[in-house]
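Each reported figure results from applying straightforward, stated rules to the coordinates on display, with no laboratory input. Values in this document were obtained by computation on a predicted structure and should not be read as measured data. Using ideal geometry, Cβ is built from the backbone for each residue, glycine included, and neighbour counts are taken over all protein chains shown.
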Amino acid sequence: MSIYEWHRQVQKIADGIDRCIESRDDDGLTLRRIAKENGYSAYHMTRTFKRLAGVSLRDYLRGRRIAFALIEVRDTAKNLLDIAVDYGFSSHEAFCRSFKAAYGVPPSAYREKPRPVVLRTRLIAFDRYLMGVGEIGMVKSTHEIKAYFVSIPAHKFLHVKNYESDGYFDF
């Protein structure tokens, strides 16, 4: 399998993980099932995923679960134990330890005083615009890019990062 095909496969795995987390399908998040659905041995798949994604499959999965849980902690009044169970943590304590390790504060403190944090973001194994995959991307574009400077009066600057977009132009 070419490196390009593996990048597509890693992206398919990452997207499948998000779908399973959103639908609370814990059975779909086992290494054995992910490997079987993608036609690889668990060993080969985890090694290649880490090589291409830069993070182990286990760490990626844990990071995505805690990111989804953070949004519920912030936006709902749901019991923290219920959130922990919903996102596959074995106990309230395990959830609190993972949450604090990821974001520096326990979930109860974060709920009381939310602050901006870096979410464990969705993996984008390749940028389809740069690779020209399936769409008119930068590679295939025939449009000219024009650069120009604009002078504007002093103002406050708001910096926005969006790691959930699939590519530069989606953002």
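Brief remarks on what is shown
- Ser41-Val105 pseudo-label distance in nm [points 7 Å out on the Cα-to-Cβ vector]: 4.7 nm
- Loop-resident sites, region 39-84, for trypsin sites (Lys or Arg not before Pro), counting at most 14 other Cβ within 10 Å (DSSP): Lys78
- Label-to-label distance for Lys12 and Val117 is 3.3 nm, based on points extended 7 Å past Cα in the beta-carbon direction.
- Exposure proxy order (Cβ contacts within 10 Å, fewest to most) of Thr76, Thr46: Thr76, Thr46
- For the pair Asp75 and Ala94, label points projected 7 Å from Cα toward Cβ lie 2.5 nm apart.
- Dipole in debye (nearest 20) - region 1-118, about Cα centre, beta carbon charges: Lys, Arg +1; Asp, Glu -1: 440 debye
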